[in-house]
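Enquirer: Before we start, here is the structure in question, set down as structure tokens.
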């Protein structure tokens, strides 16, 4: 009969790291169980996010169908796509590359924080400029893109566009939780967001029975959900709330100035395609100029503004070389090393 010491020795012995020794290691089994649970949590979060980047949309559409019918469902879904597409089509690819980039620096918290704040600022610029821009030109854009029969969608677009503009930058938190090895936080926060959206939709759909109320409810939840995400992110990544506030200040200020300029254009011109064109050009120019001025005032740190200026200079240099070649004049400017 084998002694207790022999049994313990057999459990402690791990021939070449084989399976027999690992199965007897209780701590290893606990680690494997925790890893499996974390992987399951991450899969749950990824299923929700990959099935639809915005967990609110399907619930909202179903809620609208419950009291307003299929036609209202269709109008709301089209309005959502039109309001959020300019922001999400640029922001989502940025989020998709965040995880592999941050995963390389997961053991260097200083580098990790720098990477995250850089990507967050890019996302803030994208979402603030496009979302506020869409909200400002709703009337003309619906007439031009959808036609006069979609006039019922006009009141929905500003709320839907601003909802994504506020919530979009906070989506960067999900990939960050995955990169630092805590996907269970990402999964839990995703489920909390789904529950919050569902609760707001139930109230808006079955109490107010209004499609506009559902859009406003979505906006309200989108104002709260980033606060929850950033709270956990600040705690896990050891950030400061002032870091996020500092990055948000410039896009917010530029959006306010852009809105003032667009309102001035709207008050001076009659509605139509020409006014829409002038609004877009004036708004984009104002936002860009405001961001560049504020960037210069804080010392012109390396960031999206520097990348923009470098690309503009590169394009202008190439254009000059082409013009010189067409005129038969050799380019005598110093070449960049």
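Taken together, the values in this text are just the output of simple stated rules run on the coordinates, not laboratory data. All figures in this text were calculated on a predicted structure; none of them were measured in a lab. Positions of Cβ are backbone-derived with ideal geometry, glycine not excepted, and every protein chain shown enters the neighbour counts.
Enquirer: Where does each of 134, 166 land when they are ranked from fewest to most other beta-carbon atoms within 10 angstrom?
Expert: In order of increasing Cβ crowding within 10 Å: 166, 134.
Enquirer: Right, next: Where does each of 239-248, 210-219, 189-198 land if you order them by average Cβ count within 10 Å, highest first?
Expert: Top to bottom by mean Cβ count within 10 Å: 210-219, 189-198, 239-248.
Enquirer: Given 0.36 nm per residue, what is the gain on full extension from residue 199 to residue 77 after removing their alpha carbon distance, in nm?
Expert: Roughly 42.0 nm would be gained on extension.
Enquirer: Would you mind computing, in nm to one decimal, how far apart the modelled labels at residue 323 and residue 114 are, each placed 7 Å from Cα along Cα→Cβ?
Expert: The two pseudo-label positions are separated by 3.8 nm.
Enquirer: Taking the Cα centroid of the stretch 123-185 and of the stretch 287-311, what is the distance between the two, rounded to the nearest whole Å?
Expert: Cα centroid to Cα centroid, the span is 23 Å.
Enquirer: I need the Debye-formula profile for the stretch 109-165: one equal scatterer per C-alpha, no solvent, reported as log10 I(q)/I(0) at q = 0.24, 0.26, 0.30 1/Å, two decimals.
Expert: Summing over Cα pairs of the stretch 109-165 leads to -0.87, -0.94, -1.07.
Enquirer: What FRET efficiency, computed as 1/(1 + (r/R0)^6) with R0 = 30 Å and r the Cβ-Cβ distance, is obtained for residue 292 and residue 97, rounded to the nearest 0.05?
Expert: 0.75
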